[in-house]
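No value in this document is a laboratory result; all are computed from the given coordinates. As the structure is a prediction and not an experimental result, all values here were calculated from the model. All Cβ positions, even for glycine, are placed from backbone atoms using ideal geometry, and neighbour counts span all protein chains on display.
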Amino acid sequence: MRRKDNAQATFGSPPGKLRTPRYTEKPRRGVRGARRLALTTPDMVLLSLLAERPMHGYHANLELERREIRDWAGISRPQVYYSLEKLARAGLIRSLETEEPAAGPQRSTFETTAKGRAALANALEREEWTTQRERPPFLTWMALSWQARPGVFAKKLEQRQEFLEMEIAREKEVLDSILKEVGHSHHEAVWMVSLMIEQFATERNWLKRVQQQMKLRGPARNPEYAGGKEKK
């Protein structure tokens, strides 16, 4: 199933009573050590997901795939299970007993604790969320493309344009499914996918201009280097 959204449904507590968690031994590092616990992207994605409803690790992986979260967050299947153990040991998630059968090897059902919600909220206040810039591989290729063999530049531009067209069409389908699931347009998943569509469309328009201008391409007329201007 395609990603439908990052919708935050509200669920009641699952049936059954709490039991001693498999991985929730309290860490011996104390409060100071807990504060130093660095949350990775997989950790934060899981804390957010398990704050919506309790899940097995297997189900968490299925939900990540359904929402196509890996389009915007780097988290692999092994990282999911590693993060579950890490977060449980830190007391940021806890294990529950439910009547829901597990569909995979991970039999524990986890939910985010109040401590985990607070840790996630603290992580979301970090400055680097708003001060980093991307390094798109295509721009790296563009910078080095003057060394490519004849004909490769034009071919790669065409390939990139085809890719952008496919991604725009795919994200539009995803956006439609998100809108059906959340029922309104004022949701973070709607905003995120809308931004992706606009970014792809902007690059596509830029790419068309490059294709029109590539016959005029030439080397720098006044090159400069760390040691000064190039000697002629």
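Values computed for the structure shown
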item	result
Exposure proxy ranking, count of Cβ atoms within 10 Å, fewest first, for Phe163, Phe110	Phe163, Phe110
Cα gyration tensor, segment 178-232 - rounded (a/c under 1.5), prolate or oblate	oblate
Formal net charge of residues neighbouring Arg209 (Cβ-Cβ distance under 15 Å; K, R +1; D, E -1)	+3
Under 5 Å, built H, 5+ apart or other chain: amide partners of His56	Phe110
Order by protection proxy (mean Cβ within 10 Å, highest first), peptides 184-192, 112-120, 208-216	112-120, 184-192, 208-216
Percentage, to the nearest whole number, of Cα pairs in segment 137-216 over 14 Å apart	68
